[in-house]
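Trainee: Can you keep this structure in mind? I'll have questions shortly.
The values are calculated or read from the model by the stated rules, or taken from the named source; none is laboratory data. Note that this is a predicted model, so its numbers are computed, not measured. Every residue, glycine as well, gets a Cβ built from its backbone with ideal geometry; the counts of neighbours run over all protein chains shown.
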Amino acid sequence: MLTIERLTLQLPYYAHGHASWWKRRWATCLDELSLQFSAGEVHAVVGASGAGKSLLAYAVMGLLPTPARLNGQLCYQGKPLDEQRQRQLRGRELALIPQSLSALDPLVRTQRQVIWAAQRAGHAPANAWHSAQQALNHYQLDAHAQQAYAHELSGGMARRVLTAMAHVTQAQLVIADEPTVGLDPHQRQRVLAALRELADQGKSVMLITHDLRHALPIADRVTIMRDGKRVETAPAHAFQGTGDSLAHDYSQALWLALPDNQFSTSATRQAPQLQQEADVA
């Protein structure tokens, strides 16, 4: 469904120092990244903060800042996913569940925002209201939450509103950027189950997360990223035991450094920061 070939992203920055403060330089945030996302699967993209996961989502959606330099090729459904096509498909066939809760309009009630998302996706007004109501109920947002403004919602409730907005678009490609941050275990499982359900309906789900533990129960494949590069893509079932099925030392060390694996000392010797990376939240 989505093919990414040799994607390189550079963002500008200004060097420190008295003599060079005015010189614009370029930081490579994604480095010749190649990935494929298929229909009917949850493909988890896992890495620590700064690995480039969210920037990958913005690149696919066409939401990068203007000065960005993007090279490589994006293809969706066999056709180039250029800037014009991104605008046409965004909010319709391509949906993003953003990491930032500021994506919610602070001046509009929850129910109205979900209705707007349905209308942007092409629903007629009556159907948009019905679809929005179903999605809000599905994520256990009661009448009070539906009439609330963003600042009146808890972090977990706001996260569920953003998920409901993506749900009503009926998109074929759903990118979920840290969709479970701030949720209690019950609601986290509900959101993850909803993403799995979307994949089972034939959609492609890109699950971006720092937490490998939560991704594995619903993922078909897992891509490990580090410093803007793809370390390895492996089936989810490869993350078991001592990780002998994993091809890269970093992937194996990241797996062994999880709390469930007792923060393996052999893993942390291989990569001293892995324990922190594996359990950022």
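Trainee: With the condition kept exactly as written, say whether any residue in the range 133-146 is surrounded by 15 or more Cβ atoms within 10 Å (Cβ to Cβ) and either within 13 Å of Pro98 (Cα to Cα) or basic (Lys, Arg) (or both).
Mentor: no
Yes or no, residue by residue, for (1) assigned to a helix (DSSP H, G or I); (2) crowded, with 22+ Cβ neighbours inside 10 Å:
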site: Gly156; (1), (2): yes, no
site: Leu162; (1), (2): yes, yes
site: Ala166; (1), (2): yes, yes
site: Thr169; (1), (2): no, yes
site: Leu192; (1), (2): yes, yes
site: Leu195; (1), (2): yes, yes
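Trainee: Might you let me know whether the range 121-129 holds any residue that is touching a residue at least 40 places away in the same chain (Cβ under 8 Å) and within 23 Å of Ala59 (Cα to Cα)?
Mentor: Yes, the range 121-129 contains at least one residue that is touching a residue at least 40 places away in the same chain (Cβ under 8 Å) and within 23 Å of Ala59 (Cα to Cα).
Trainee: Specify which of the listed residues (Arg188, Arg226, Arg196, Arg221) is touching a residue at least 60 places away in the same chain (Cβ under 8 Å), closer than 21 Å to Gln140 by Cα and of a type outside the set (A, V, I, L, M, F, W, C).
Mentor: Just a single option satisfies the conditions, and that option is Arg196.
Trainee: Within the bounds of the range 62-71, is there any residue that is polar (S, T, N, Q), more than 30 Å from Gln252 (Cα to Cα) and without any contact (Cβ under 8 Å) to a residue 60 or more places away in the chain?
Mentor: The answer is yes; a qualifying residue exists.
Trainee: Which residues, counting only those in the range 104-154, are at pLDDT below 90, among the aliphatic types (A, V, I, L, M) and in a helix (DSSP H, G or I)?
Mentor: Ala126
Trainee: Applying the selection to the range 64-85, what residues are over 24 Å from Pro12 (Cα atoms) and of a type in the set (D, E, K, R)?
Mentor: Selection gives Lys79, Arg85.
Conditions tested, residue by residue: (1) buried (at least 22 other Cβ atoms within 10 Å of the Cβ); (2) out of contact with any Asp or Glu (no Cβ under 6 Å at 6 or more places or on another chain); (3) polar (S, T, N, Q); (4) at pLDDT 85 or above.
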position	(1), (2), (3), (4)
Ser204	yes, yes, yes, yes
Pro217	no, yes, no, yes
Gly241	no, yes, no, yes
Thr265	no, yes, yes, no
